[in-house]
Amino acid sequence: MAPVPESESQFSSEVYPPSEAMRARAHLPSMEAYRALYDRSVREPEAFWEEQALTQLDWFHPFSKVREYDFEWGQVQWFLNGRLNACHNCVDRHASQRGTQTALIWESDTPGEGRSVDYRELQREVCRLANVLRHHGIRKGDRVAIYMPMILEAVYAMLACARIGAVHNVVFAGFSAESLRDRINDARCKAVITADEGIRGGKIIPLKRTVDEAVMACPTVKFVFVAQRTGNKIPFYPQRDVWLRPAMDAERPFCPIEHVDAEDTLFLLYTSGSTGKPKGVAHTTAGYLLHAALSHRYVFDYQPGDVYACVADIGWITGHSYVVYGPLCNGATTVLFESVPTFPDAGRYWEMVERLGITQFYTSPTAIRAVAREGDEFVKRHDRSSLRILGSVGEPINPEAWKWYHTQVGEGRCPVVDTWWQTETGGIMISPMPGATPLKPGSATFPFFGVEPVVLDEQGREIEGNGVTGLLAIRNPWPGMARTIQNDHQRFVETYLRPFMGYYITGDGCRRDEDGYYWITGRVDDVINVSGHRMGTAEVESALVTHPGCAEAAVVGFPHDIKGQGIFAYVILNAGWEEGQELIGELKNEVRHHIGPFATPDLILIAPGLPKTRSGKIMRRILRKIASEDYGELGDITTLADPTVVEALIEKRKSIR
Ligand code: WT7
């Protein structure tokens, strides 16, 4: 692992202090206010988190100890022996206190065709769905896969699982049948909840058909529950399939709540690592929920009456923490966005902001770049005066995109909170506080409460002071951290905790500048970040080599104007295979079929050979440079088994785009 070397010029020195208007109403109106709370959270973590847990969450049975941990063995517990329920905290307590307040606004793919549900209706629907699950034998601890479009039933399904203590495993609806099957089997899911079809940007996505294909080889799946989104005719197997709506209508709108332990698993979410097999990241109940809720409250400065929108898909962690659990735990009104940023045109987000009166808007740098390049007209056309805070997540945001977002979208009024975190961290780890932090475009700024970031050198020694670059790690556990990897605790410990004792290793490189601001520079492992989606290069490689023509593949990221990183594949052909457009198309299809369309390589280079050391190790550093058309300073290539291959690859690279 080596920190990505960065030039100083990448780090902008402009500073944007919070406005008076922002400070006047924010939870944290100054850096002093932030620091006071932050310092307490790391100096007296137990007292701080005890207080937060008691004020933010409802408990059925009090916890007896705030935390206990052992990083060496990856044993982390928060709020020991406490009993609670995430669904109660997100739904029931609000249904009784503010039942007629809007909980969810479903923003349909077709603008204006959505609808809203208040907390009381949310409670009834979640209870009905929970009863359907119970009456099909789903019990506490059972795993349930959710493969859904962004419709209300998707949220009902997550909360219904939480209500009965079942563990949900949401799989992004863009994954292939094969990826879905692997995730269902690894988690041994008893049921799948899906929809007939999805619609995104006017395009139909055949979800049920994909589930049918996946489940053929899933022996643990007893039932497939099917919501109707399009109503089109789909295959239906009455032995196994259950139409969700009539089943829910047949149930009572009350369902007992399971009192689960603070450390009972709330959900699994699969994510890519640097080896081929995706990992089922496990989050438990109390710590996760508290981290999601508290960070939502402070980072988005959530206030009653706000209409908060995070446009992420629930198939990713951002959707879990900041569409569903964080906002609902705070009793907020949260938007469920079914569409894409450019449908029907590049003004979709801002038209929605105007129509719904959105106060906080949270998206990814990719989406910002995609709409920015269509021109400012699409923004100006709509009234954005309701907006107070803009958020960014998923990948480093380049200062140009940051400034466009801040100036054009936010009219210079709205702080941009660039939030750094990961599937494994459960919630936001480094982010500005809107009323407190002077912003620097491109920097995630300072840590959230209870988070102690450190910069390590390659030997795992802490680099003290400011103006330093290295590996980003976290000292000490925080409540929202993942507890294990499903079926593979060993991998959990080895990936995150064992590389350097006493730290959680993030896999990202970072710089702490002269003022102590954190700048995330990107992954230092074989993980790439495409449009804010994490992808293991090894996964793409294994998909490519299933093609009979492919002898060997090496995949790297390269800079991409919109996606942040694109996928670049070097492929070595088996004897007898001819290079050509048709073959390139087949190779791309192979990836689409095995993983999903979003993993399709942008460029494929049919290579005469790969730069390998004499011991056979591929020198990825060289492949990354060539893919990025950065041919200077390739470093020492004399250790290569065949140094001439580098020249040949460069020549080839120049001929493709
Ligand atoms: C990786 C985690 C957590 C939500 C979505 C992605 C990158 C995430 C930022 C940011 C720079 C960021 C990191 C991280 N990342 N947010 N604000 N600035 N990089 O979750 O799929 O688990 O990916 O996304 O490289 O390690 P994920």
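The values are calculated or read from the model by the stated rules, or taken from the named source; none is laboratory data. Just so it is clear, the structure is predicted and the values come from calculations on it, not from any experiment. Cβ placement follows ideal geometry from the backbone for every residue including glycine, while neighbour counts extend to all protein chains displayed. The area values use the complete protein model at the heavy-atom level, side chains included, leaving out ligands, DNA and RNA. Shrake-Rupley method; radii C 1.70, N 1.55, O 1.52, S 1.80 Å.
Quick notes
- For the stretch 511-605: relative contact order, % (alpha-carbon pairs under 8 angstrom, 6 or more apart): 24
- Each of Ser385, Ser364 has its accessible area taken with a 1.4 Å probe; listed largest first, they run Ser385, Ser364.
- Using the Cα coordinates of the stretch 1-153, the gyration tensor eigenvalues translate into equivalent-ellipsoid semi-axes of 35, 27, 22 Å, sorted from longest to shortest.
- By the beta carbon rule, with partners counted only under 4.7 Å, the chain holds these lone Cys residues: Cys87, Cys90, Cys161, Cys189, Cys218, Cys310, Cys329, Cys414, Cys510, Cys550.
- Solvent-accessible surface of the stretch 469-564, averaged per residue with a 1.4 angstrom probe and all protein chains in place: 30 square angstrom.
- The relative contact order of the stretch 201-350, computed from alpha carbon pairs under 8 Å that lie at least 6 residues apart in sequence, is 16 percent.
- Working from Cα pairs under 8 Å separated by at least six residues, relative contact order for the chain is 14 percent.
- Fully extending the segment from Leu634 to Glu20, taken as 0.36 nm per residue of separation minus the present Cα-Cα distance, adds 216.1 nm.
- Reported to the nearest whole Å, the Cα centre-to-centre distance from the stretch 31-96 to the stretch 196-221 is 38.
- P(r), alpha carbons of the stretch 582-657 - 5 Å bins starting at zero, rounded %: 3, 15, 23, 20, 17, 14, 8, 2
- The stretch 49-129, accessible area per residue, ligands and nucleic acids excluded (1.4 Å, Å²): 43
- DSSP bridge pairs, the chain: antiparallel proportion in percent, nearest 5: 60
- Compactness of the stretch 233-320, expressed as Rg and Dmax over alpha-carbon positions, Å: 18.2, 49
- Translational diffusion of the chain was estimated from the Stokes-Einstein equation, with Rh taken as the Kirkwood radius over Cα pairs; at 20 °C and 1.002 mPa s the coefficient is 84 µm²/s.
- Among His489, His168, the sequence by solvent-accessible area, most first, with a 1.4 Å probe is His489, His168.
- From most to least packed by mean Cβ count within 10 Å, the peptides 115-122, 48-55, 228-235 give 115-122, 48-55, 228-235.
- With a cut-off of 11 Å between beta carbons, the residues surrounding Trp402 carry a summed charge of 0, where Lys and Arg count +1 and Asp and Glu -1.
- Solvent-accessible area of Met535 with every protein chain in place, 1.4 Å probe, in Å² to the nearest 10: 10
- Net charge, Asn81 excluded, C-beta distance under 14 Å - Lys, Arg +1, Asp, Glu -1: -2
- Cα gyration tensor of the stretch 73-132 - equivalent ellipsoid semi-axes, whole Å, descending: 30, 16, 12
- Protein-only accessible surface at a 1.4 angstrom probe places the residues Asp58, Asp515 in the order Asp515, Asp58, largest first.
- Within the stretch 311-395, the ratio Rg/Rh, alpha carbon atoms throughout and Rh by Kirkwood, equals 0.95.
- Taking only the C-alpha atoms of the stretch 340-437, the Rg (one decimal) and the largest Cα-Cα distance, Dmax (whole number), read 13.1, 39 Å.
- Extent along principal axes [Cα atoms of the stretch 179-246; Å; largest to smallest]: 33, 26, 16
- The stretch 528-657 shape via C-alpha gyration tensor axes, a/c threshold 1.5: oblate
- Euclidean distance of C-alpha centroids, the stretch 582-641 and the stretch 466-524, integer Å: 27
- Along principal axes, Cα extents of the stretch 251-372, largest first, whole Å: 45, 43, 35
- Globularity index of the stretch 306-359 is 1.13 (Cα radius of gyration / 2.2 N^0.38 Å, N = number of residues).
- Accessible-area composition of the chain, carbon plus sulfur, in percent [1.4 Å probe]: 49
- The Cα-based radius of gyration and maximum Cα-Cα distance (Dmax) for the stretch 502-589 are 17.1, 59 Å.
- A 1.4 Å probe run over the stretch 184-267, with the rest of the protein chains in place, finds 48 Å² accessible per residue.
- Under conditions of 4 °C and 1.567 mPa s, the stretch 471-511 yields 120 µm² s⁻¹ as its translational diffusion coefficient, taking Rh as the Kirkwood radius over Cα pairs in the Stokes-Einstein equation.
- Principal axis extents of the Cα atoms in the stretch 430-565, from largest to smallest and rounded to whole angstrom, are 56, 38, 28.
- Working ranking of peptides 26-33, 418-425 by packing, defined as the average number of other Cβ atoms within 10 Å per residue, highest first, is 418-425, 26-33.
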